1. Name the residues in the stretch 70-105 that are modelled with pLDDT of 90 or more, of a type in the set (D, E, K, R) and in contact with a helix residue (DSSP H, G or I) (Cβ under 8 Å, 6 or more places away or on another chain), would you?
2. Could you give me the residue pairs with C-beta distances under 9 Å whose first residue belongs to the stretch 233-253 and is in the same structural domain as residue 210 (by TED's automatic domain parsing) and surrounded by 11 or more Cβ atoms within 10 Å (Cβ to Cβ), whose second residue is at pLDDT below 90 and assigned to a strand (DSSP E or B) wherever it lies, and which are 6+ apart or on separate chains?
3. Taking the stated definitions as given, is residue 118 assigned by TED's automatic domain parsing to the domain that holds residue 81, assigned to a helix (DSSP H, G or I) and under 13 Å from the mean Cα position of the chain (by Cα)?
4. Would you check which residues across the stretch 152-170 are closer than 25 Å to residue 46 by Cα and surrounded by 12 or more Cβ atoms within 10 Å (Cβ to Cβ) and list them?
5. Restricting attention to the stretch 9-36, report how many residues are under 27 Å from residue 145 (Cβ atoms) and surrounded by 19 or more Cβ atoms within 10 Å (Cβ to Cβ).
6. Looking at 57, 32, which is the one that is farther than 17 Å from residue 137 by Cα and touching a Pro at 6+ places or on another chain (Cβ under 8 Å)?
7. Select the helices (runs of 4 or more DSSP H) contained entirely in the stretch 15-113, then report the ones holding at least 1 residues which are without any contact (Cβ under 8 Å) to a residue 40 or more places away in the chain.
8. Exactly one of these conditions fails for residue 128: (1) at pLDDT below 80; (2) in contact with a Leu (Cβ under 7 Å, 6 or more places away or on another chain). Give me its number.
Amino acid sequence: MTAQALRVLIVDDEAPARSRMRDLLADVSAAVQVTVIGEAAGGREALRLAGAGDVDVVLLDVRMPGMDGVEVAQHLQKLDPAPAVIFTTAYDAYAIRAFELHAVDYLLKPIRAARLQEALLRVGHDGAAEPEALHDLRQAPRTCLSAAERGKVHLIPLEDVVFLRAELKYVSVRTAAREYLIEESLTRLEQEFELQFVRVHRNCLVARAAIRGFERADTAAGEGPWQVVLAGIEERIPVSRRQQHIVRELSRP
C-alpha cells in the first residue's frame, strides 16, 4: 500500500468509460490506494477541477471533442506541481508507437486492471510528462494558449489573440482585453500556428485575422516605417525591413 492515497482525476467524454474507470480503480485498491477527486467530460472542466484542488494523477482520454487529451496535458503542465498524466486511448498501432517512443504512459482501451495498477504504481517515479514529448505527440495546433495565474491555469482562446511578442524568456500574449505572459518559444509558436499568425518582426507574430491594414509611422523626418493596424487595440506593431513584403502580400484585395 502507498503511504498516502493518490488523488486521481478521471477525464473522458463518455460516461460509461468514466464509470468503468472507477470500477477498475476499486479493483486495484488492494495494491494501490486512490481517492477519486472528480470526473470531467471535457478538457476545460478537467483544467478547472485540477486547478481547484491537489491532483496527483490525471487519467486522461486522448480523443475528446473540442480540446483533445494531448492539449489538456500541455495546459496541465502549467500547474505547480504538475500532475502525472496517464493517457487512455483506443488509438491504432502507429499512434501507440508514438506514445512509447516519447516515454509517455498510456492505457490501451479496453483497459485491464493489471495494466492500470502498473501505471499507478509508477506515478511518483516518472513524474509529469516532458513538454517536448507532448509537443511531438500533437497532431494539430492547440485551440488555446494557457498562462499560470494564482496557482490555476487560465485558458486563452486562440481566436482572441491579437499578437505574440517575445519578451526576454517569456512571450507576451495580447488580446483586446489584456496581456498574459507565457513561457514558450516564439519560434515554436510560429511553427505550430503558421496558418493563423504571420511574423512582422523578429520578435513579434500577429494574428492574420486581426490585421486591419498598414500605415506609415509619423517621424520628424516625414514618413517612417510601416506599422500594422490591429483590431481591438490602439497599439501599432512595427514591420521590420526584412518583413516589408507582407505589407504588399496582405494588402491585396
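The values are calculated or read from the model by the stated rules, or taken from the named source; none is laboratory data. Everything numeric in this text was worked out from a predicted model, so none of it was measured. Methodologically, a virtual Cβ is constructed for each residue, glycine included, from the backbone with ideal geometry; neighbour enumeration extends over all protein chains shown.
1. 71 - this is the single residue of the stretch 70-105 that is modelled with pLDDT of 90 or more, of a type in the set (D, E, K, R) and in contact with a helix residue (DSSP H, G or I) (Cβ under 8 Å, 6 or more places away or on another chain).
2. Here the result reads 236/217; 238/217; 238/224; 238/225; 239/225; 240/225; 244/225, each pair linking the stretch 233-253 to a residue that is at pLDDT below 90 and assigned to a strand (DSSP E or B).
3. For residue 118, the condition - assigned by TED's automatic domain parsing to the domain that holds residue 81, assigned to a helix (DSSP H, G or I) and under 13 Å from the mean Cα position of the chain (by Cα) - is not met.
4. Matches in the stretch 152-170: 152, 153, 154, 155, 156, 158, 159, 160, 161.
5. Residues in the stretch 9-36 being under 27 Å from residue 145 (Cβ atoms) and surrounded by 19 or more Cβ atoms within 10 Å (Cβ to Cβ): 4 in total.
6. 57 is the lone residue from the list that is farther than 17 Å from residue 137 by Cα and touching a Pro at 6+ places or on another chain (Cβ under 8 Å).
7. Result: 15-27, 43-52, 93-101.
8. Answer for residue 128: the failing condition is (2).
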